[in-house]
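Written below as structure tokens is the structure these notes are about.
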Amino acid sequence: MPPSTRESETLAPRGARRSLRRRLAPPTLVLAYHRVVPSIGADVNQLCVSAENFAEHLRWLRAACRLIGPREFLGQLGRGPLAGVALDGGRPRVLVTFDDGYADNVLHALPILTENGAQAILFATSGAVDSTEAFWWDALEQIVYRGHPSASGWRLADVAIPADLPPAEAYTALHRLVLPLDSQSRAAALADLADQGGVTTRADEHSRPVTRDELLAWAAAGCDIGAHTRTHVQLSAQRDDQVAIEIAGARRDLQQLTGLAIDTLAYPFGTGGDFDERAEAAARAAGYRCAFANRAGNARWARNHYALPRHLVRNWSGQEFAARFMTWCPP
Ligand SMILES: [Zn+2]
């Protein structure tokens, strides 16, 4: 920071210092949503936010913060500390993002975004675009909750999951086993489990991945498309060559599919254990301008643009959302 600012901060009491810092450089928070749906059914992974709650979140954000679009966010990255001196009382900047690439982002979230003048990033799993198959975690949910394994229970590799285990526990146990697999082994494991449970998995109209035409409609509304790898693997568990293919391949695929620039990446799962330095290096090498994780923090001051923080949002009422937001961004 320039000397004048540092001097002011040194002389001012802590509360005033914070307030000054905030006026000069309000925080930028990035929100991570997954799905927006008209009504919430079974939602084992807590990915869904109701359209009603999402609209409440957006209305509150519009009043209390400044919603920024992907282009403005990217423009701020790497600029000096005073480049964005606030002229609006230091309201936090907020960028909305969606992970995975569900069609409901376009069908249900986009009208609410548009209504509130907001532009968001949709991080699409490139291999799922136009697919009629369910995302793997949804397929696993269908298998466990609808399936009837034999008396000896579910079997995966050398592990047996008792048939009388409550479905939520069986799902968690199987999810843990499937998570680190590469996409081919994962497909084989799911096919085997579906067979054991006598279930045919499919993506229905409510949980299907986005189509190319829907991605184009999303972009035509002023929103951005980012990548979420090719097959939504846990990158930290993959071989070096696979990490590069998942990350660079997704950018190439989505650019070819849509004809649009793909500048941003979100790591699948996104916690510190799910991606590593190899993934960050691959994101850099592939030409992404930044990459997002799923851990709390102010993206404005993040030094590492390849592990930018985001706040995961659940199906909270407007009131609960506002209360949570204030803990992320205290006055
Ligand atoms: Zn994801």
Report task. Return the only residue of 285, 296, 291, 261 being loosely packed, with under 15 Cβ neighbours inside 10 Å, under 22 Å from residue 27 (Cα atoms), aliphatic (A, V, I, L, M) and assigned by TED's automatic domain parsing to the domain that holds residue 231. Result -> 296
Query - Total residues in region 236-248, condition farther than 19 Å from residue 289 by Cα and either open to solvent by less than 30 Å² (accessible area, probe 1.4 Å) or within 16 Å of the chain's Cα centre (by Cα) (or both) - result: 1
Report summary line: Among 229, 211, 258, the single one that is more than 23 Å from residue 282 (Cβ to Cβ), touching a residue at least 40 places away in the same chain (Cβ under 8 Å) and among the hydroxyl-bearing types (Ser, Thr, Tyr) is 211
Requested in this report: Test residue 14 against the criterion of being more than 16 Å from the ligand (Cβ to nearest atom), open to solvent by 50 Å² or more (accessible area, probe 1.4 Å) and either modelled with pLDDT under 95 or farther than 26 Å from residue 294 by Cβ (or both), and give yes or no.
Outcome: yes
Report task. Please enumerate the residues belonging to region 94-103 that are away from the ligand (no atom under 12 Å from the Cβ) and buried (at least 24 other Cβ atoms within 10 Å of the Cβ). Result -> 94, 95, 96
Requested in this report: Could you please find all residues in region 264-279 being surrounded by fewer than 21 Cβ atoms within 10 Å (Cβ to Cβ) and either touching a residue at least 12 places away in the same chain (Cβ under 8 Å) or not assigned by TED's automatic domain parsing to the domain that holds residue 218 (or both)?
Outcome: 269, 271, 272, 273, 274, 276, 278
Report task. Taking residue 142 as the residue in question, decide whether it is touching a strand residue (DSSP E or B) at 6+ places or on another chain (Cβ under 7 Å), open to solvent by 10 Å² or more (accessible area, probe 1.4 Å) and either at pLDDT 95 or above or away from the ligand (no atom under 16 Å from the Cβ) (or both). Result -> no
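The values are calculated or read from the model by the stated rules, or taken from the named source; none is laboratory data. These figures come from a predicted structure and were not determined experimentally. No Cβ is skipped: glycine too gets one built from the backbone with ideal geometry, and neighbour counts run over all protein chains shown. Side chains included, ligands, DNA and RNA excluded: accessible areas come from the protein's heavy atoms. Shrake-Rupley method; radii C 1.70, N 1.55, O 1.52, S 1.80 Å.
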